[in-house]
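A quick write-up on the structure given underneath.
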Amino acid sequence: MIKRWFFGVALLGLTGLAHAAYDVQQLMAELAQNKGGRVRFVEKRFVALLDKPLLASGEMSYTPPDRLEKHTLLPKPETMVLDGGRLILERDKRRMTINLASRPEALAFVDSIRSTLSGNRRSLEQNYALQLSGDSRQWVLVLVPSEQGIAALLQRITVSGTQSQVRKIEYLQTDGDRSELTIEPIEAQ
């Protein structure tokens with residue numbers, strides 16, 4: 001009986017070590033293996049002044065290390081392209097280009113996603129404290145702003161996924177409004 005109890009405790013300890021062994025460095029290494037691709041997304045934005053969430057859907061594509069495109073199809077076509085240090089927005093036949101170097105808070109915000117997708121821990125840690133839970137099969141990475149400009153706008157970003165695939169991104173603003181972006185890979189044809 002004592003041997004079984006001891007074996008059980010030892011097994012629990014090993015299981016705990018296995019979970020403890022999965023860390024931010026391993027997650028970043030797996031994310032860095034991502035070759036990019038296209039996904040479908042559904043975005044729900046919860047705004048305090050509205051009775052129900054705003055819904056949007058479309059496709060996104062990522063080309064490592066720094067190109068991210070978001071093509072919203074519903075409810076209204078809109079395109080956002082993040083390419084290096086430029087953010088290009090197109091809506092209603094209007095186009096706006098933002099040089100992110102002139103807006104450090106915006107750059108830090110968009111880099112949170114770009115750096116997560118590329119597995120760039122160093123870039124993330126410049127503006128966020130990282131908290132990881134789970135294992136490679138199902139992980140949750142919480143980014144808590146450490147830079148005051150970002151912290152004034154954002155409480156946290158929660159990114160979750162499986163292995164090298166990001167499946168959900170949640171933004172919680174300091175005013176309580178929040179956004180959830182659910183991501184599904186598009187199968188290669």
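The values are calculated or read from the model by the stated rules, or taken from the named source; none is laboratory data. Only a predicted model underlies this, so the values are computations on that prediction, with no experimental measurement involved. For neighbour counting, all protein chains shown are included, and Cβ atoms are generated from backbone atoms with ideal geometry for every residue, glycine included. Heavy atoms of the whole protein, side chains included, go into the accessibility calculation; ligands, DNA and RNA do not. Shrake-Rupley method; radii C 1.70, N 1.55, O 1.52, S 1.80 Å.
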Would you point out the residue of the range 103-129, among those that are open to solvent by less than 50 Å² (accessible area, probe 1.4 Å) and closer than 15 Å to ALA29 by Cα, that is modelled with the lowest pLDDT? ARG114
Residue hits (the range 132-189; over 19 Å from ARG121 (Cα atoms), of a type outside the set (Gly, Ala, Ser), in contact with a helix residue (DSSP H, G or I) (Cβ under 8 Å, 6 or more places away or on another chain) and open to solvent by less than 60 Å² (accessible area, probe 1.4 Å)) are LEU154
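Which residue out of SER102, SER112, SER160 is small (Gly, Ala, Ser) and more than 25 Å from ALA48 (Cα to Cα)?
Numbers: SER112 fails: more than 25 Å from ALA48 (Cα to Cα); SER160 fails: more than 25 Å from ALA48 (Cα to Cα).
Being small (Gly, Ala, Ser) and more than 25 Å from ALA48 (Cα to Cα) holds for just one of SER102, SER112, SER160, which is SER102.
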Name every residue in the range 33-53 that is farther than 16 Å from ILE169 by Cβ and among the hydrophobic types (A, V, I, L, M, F, W, C), in order of residue number. VAL47, ALA48, LEU49, LEU50
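Limited to the range 125-155, what total is found for residues that are assigned to a strand (DSSP E or B) and touching a Phe, Trp or Tyr at 6+ places or on another chain (Cβ under 8 Å)? Working first, answer last.
Within the range 125-155, the first condition is being assigned to a strand (DSSP E or B), and the residues that meet it are 128-135, 138-145, 154-155.
Among the residues that remain, those that are also touching a Phe, Trp or Tyr at 6+ places or on another chain (Cβ under 8 Å) are: 132-135, 139, 143-145, 154.
Number satisfying all stated conditions: 9.
Among the listed residues GLN148, GLN138, identify the single one that is of a type outside the set (D, E, K, R) and either in contact with a Ser or Thr (Cβ under 7 Å, 6 or more places away or on another chain) or closer than 19 Å to GLU59 by Cα (or both). Spell out how you get there, then give the answer.
On the way: GLN148 fails: either in contact with a Ser or Thr (Cβ under 7 Å, 6 or more places away or on another chain) or closer than 19 Å to GLU59 by Cα (or both).
Going through GLN148, GLN138 in turn, the sole match is GLN138.
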So ASN99 passes all but one of these: (1) farther than 25 Å from ILE150 by Cα; (2) open to solvent by 80 Å² or more (accessible area, probe 1.4 Å); (3) touching a strand residue (DSSP E or B) at 6+ places or on another chain (Cβ under 8 Å); (4) of a type in the set (S, T, N, Q). Which condition number does it fail? (1)
Selection from the range 112-124 of residues that are farther than 16 Å from LYS168 by Cα and assigned to a helix (DSSP H, G or I): ARG121, ARG122, SER123, LEU124
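Checking the structure you have, find out if any residue of the range 94-101 is more than 23 Å from LEU172 (Cβ to Cβ) and assigned to a helix (DSSP H, G or I). Step through it out loud before you land on a result.
Going residue by residue through the range 94-101, those that are more than 23 Å from LEU172 (Cβ to Cβ) are 94-99, 101.
Next, only the ones that are assigned to a helix (DSSP H, G or I) stay: 101.
Yes: one or more hits.
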